[in-house]
Each structure stands twice: as C-alpha cells, then as structure tokens.
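Participant: Before I ask anything, here is the structure I am working with.
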Amino acid sequence: MLSRPRLALSLGAAVVVLLAGCTTAPSPNIEPSVVAAHPTVPLADLTIPADPRLYVGPSTAILPNAAISSPAQPPAQQLPATVTSHDLSGDRPVTVDSTERILAMDISGSIAATVFGLGFGDSVVGRDISTTFPGATDLPVITSSAHSVNIESIIALRPTVLITDGSVGPIDVLLQLRDAGIAVVFVDTNPTIDGVGELAVQVAAALGAPNAGITLAADLTSAIDAKVAEIAAIVPPDAAPLRMLFLYLRGTSGIYYLFGEQSGADVLIRSLGGVDVAAEIGLEGMRPMTDEAMVAANPDLILVMTDGIASVGGVDALLESKPAIALTNAGQHKRFVDMADGEVLAFGPRTADVLDALARAIYAPGQ
C-alpha cells in the first residue's frame with residue numbers, strides 16, 4: 001500500500017489528468033433540487049422516513065455558513081520553524097523564516113481552509129481554484145481549471161512559504177519554486193476523519209504555531225466524532241443502510257469517474273451511515289465509469305458535485321445519456337445528492353458541517 005504522502009501525490013496526479021481541460025458551465029435548463037432541511041433544526045428533530053431508499057428525487061446539500069471559523073487573533077508563533085517536508089524525493093527538513101505571505105494549495109482546498117482555521121487567513125496572498133469559501137474568494141487564483149500551477153503568478157505574489165500536498169502540479173514546478181528560495185512544505189495529507197486533525201498539526205507546525213495545531217486538531221476531531229454519532233442516531237435502524245456511490249462528472253469533457261477506496265468518498269459515505277458500494281466491487285482510487293461497474297454497484301443514492309451534475313444538463317439529461325445509471329435504484333428514483341465542488345470532499349475545518357448538510361439532504365430533504 002502507498003504511504004500517505006505518495007498516495008496524495010498519486011491520487012492528485014490522477015485527478016489532475018482527468019480534470020485537464022474541463023470546464024463546468026452550468027446548464028440553464030436544470031430543474032432545482034430539493035434543498036436540505038433547515039440547519040437550525042437539530043438532526044434528532046427531523047422526520048426521517050422509515051426507509052430512506054424510497055425517497056424520490058434529487059436534493060442539494062448546502063452549508064448554512066460556508067465561512068471558516070477562526071480565532072480573532074493569530075496564535076503565538078516561534079520562527080524560524082524547521083519541519084519535515086514529504087515530497088517524492090523523500091522526507092527533507094525545511095526551515096520557514098517568515099509567514100508574512102502564505103500560499104496554501106491542494107486539489108480540494110483543505111490546506112487553505114486549515115490555514116484560515118488556525119487564524120492565519122490575513123497572511124494568505126493567493127488561492128487554488130478549489131478554495132472558494134468566504135474570505136478567500138477575492139484572492140488571486142494560482143491554479144488553472146485543471147489544477148495545474150501557474151509559476152509566474154506564484155512568483156509575482158512573493159510568497160515566503162508555500163504549503164501543499166503535491167496534489168496540484170506539475171511537481172517539477174513546485175520543486176522549481178523551492179529551488180528559487182521559497183520555503184515549500186509538502187504536508188502528508190490523508191482524506192479521512194483522522195486526517196483532518198493530522199493536517200491541522202502539520203500546517204500549524206509549518207507556520208511556527210504547533211500548539212495551535214494541537215488545539216485545532218482536538219476541536220475538529222471532537223466535532224466530527226460528535227456529528228458522526230449524531231448522524232448514526234437518525235439512521236433508521238430497521239431499514240437496510242443506503243448503498244451510496246460517488247460519481248465525478250464533467251460532461252463538457254465526457255468524463256465520468258467513480259470514486260472508490262482511498263479517494264475520500266469512502267470515508268464520507270461511511271460517516272453518513274451508508275454502504276460504499278465502490279468498495280464492494282473492489283474499486284480503489286478514481287476509475288472511469290463503465291456500464292458494467294455501475295450496474296454491478298446498483299447504488300440507492302449517488303453523490304455528485306453541484307457543478308458536475310450541471311455540466312451534464314441535470315439528472316434527467318444524465319439518465320437519458322447513461323442508461324446504465326438509469327437502471328440502478330438511484331436512477332429509477334432519481335436519487336442524487338449534490339454539493340458544491342469546493343466543499344463536498346474538502347476534509348478540513350468544515351468537515352462536521354459538510355457531514356451535517358449531507359445528512360439532511362440524504363435523510364430529510366425539503367423539511
């Protein structure tokens with residue numbers, strides 16, 4: 001099995017390839033989905049159907065507040081800070097002398113969200129295309145729609161430290177930035193619940209604030225564990241668990257990918273009380289969708305990104321163009337749950353809120 005840093009780099013490279021050249025222009029003819037139940041209502045107070053598999057129609061998971069919660073003042077720092085950087089050439093020490101101008105980038109926006117969650121948001125000078133939360137959207141974009149790095153735009157921002165996991169690239173550009181004198185720190189990401197805390201610890205250490213990372217990791221882990229338990233309590237005990245599948249769509253480029261084990265989607269599905277059917281059929285990472293795999297999986301519910309379902313013209317257009325999906329239980333019930341691209345797989349400070357929003361869209365849409 002791949003180690004976590006190499007796993008992040010290899011999965012990131014796979015996604016970069018499948019994203020290359022993709023655009024996600026929303027279709028103007030898509031019927032709106034039913035929005036998840038209002039977030040001020042506790043999950044325990046929702047009316048959950050005895051068998052959620054029988055619900056018909058799509059729904060959308062929406063965060064009530066997409067902003068990152070952060071302390072009023074940045075935490076105390078000890079600089080310079082020397083940390084271990086995990087890149088393809090192996091572990092190596094990197095010394096960070098200044099955090100005045102921070103860049104944080106990865107394929108899901110998780111690292112930037114963690115930097116903001118630690119309280120260093122005011123020092124961030126640019127963003128990757130997946131970093132879309134309030135407070136960051138006005139920053140200059142440093143990656144393309146294919147998640148590739150624009151070296152000129154990065155150098156122009158004069159960063160004093162760049163934190164990444166290697167999931168955006170090409171990797172040679174990142175190494176060139178390191179050779180140019182920028183402190184480039186590769187963190188060891190892991191798309192799991194435990195990985196949220198680990199990322200907080202590593203990012204904080206790179207910013208010279210290790211104690212803040214330990215505190216944030218404990219707070220986030222506690223919140224996520226509590227949310228997973230809260231979701232488990234509303235899953236109908238007498239009904240079979242929902243069989244879920246994550247489908248990545250970019251219709252403008254003809255891209256249809258199934259996300260399996262070690263992609264992050266597996267962790268999301270299990271945290272939502274579902275059965276990850278991609279794991280059942282032995283799918284690891286990201287793989288092109290085949291009709292045979294879709295029919296064999298036969299999910300009750302399909303998770304998608306909002307821009308992704310828009311790119312294929314909506315649920316009805318997808319079912320018409322892909323009869324294999326229409327044959328599944330999810331297809332017959334039009335049971336799709338979408339969530340914003342920059343949120344659904346971003347394991348970071350908003351993970352508990354993401355799980356909450358998805359649980360509402362899955363188990364109690366429209367209440």
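Participant: Taking other Cβ within 10 Å of each residue's Cβ, how do Glu284, Glu152, Glu343 sort, fewest first?
Facilitator: Fewest to most other Cβ atoms nearby, the residues stand as Glu152, Glu284, Glu343.
Participant: May I pose another question? If you wrap a convex hull around the alpha carbons of the chain, what volume per residue comes out, as a whole number of Å³?
Facilitator: 125
Participant: So for the range 188-250, Kirkwood radius off the Cα pairs, Stokes-Einstein at 10 °C and 1.306 mPa s: how many µm² s⁻¹?
Facilitator: 114
Participant: How big, on average over all directions, is the shadow cast by the Cα convex hull of the range 81-222, in nm²?
Facilitator: Mean projected area of the Cα convex hull: 7.6 nm².
Participant: I'd like to compare 293-302, 162-171, 88-97: which one has the highest average count of other Cβ atoms within 10 Å, and what's the full order after that?
Facilitator: Per-residue mean Cβ counts within 10 Å order the peptides as 162-171, 293-302, 88-97.
Participant: Run lengths n ≥ 4 of DSSP H only: what is the helix-derived mean residue ellipticity at 222 nm for the chain, with -39500 (n - 2.57) per run over all residues, to the nearest 500?
Facilitator: -10500 deg cm²/dmol
Participant: In whole angstrom, and with the biggest value first, how far do the Cα coordinates of the range 251-337 range along each principal axis?
Facilitator: 28, 24, 23
Bear in mind these aren't lab numbers, they're just calculated from the coordinates by the rules spelled out. What you see is a predicted model; the values in this text were computed from it and never measured. Neighbour counts are summed over all protein chains in view; Cβ atoms, including those assigned to glycine, are modelled from backbone coordinates with ideal geometry.
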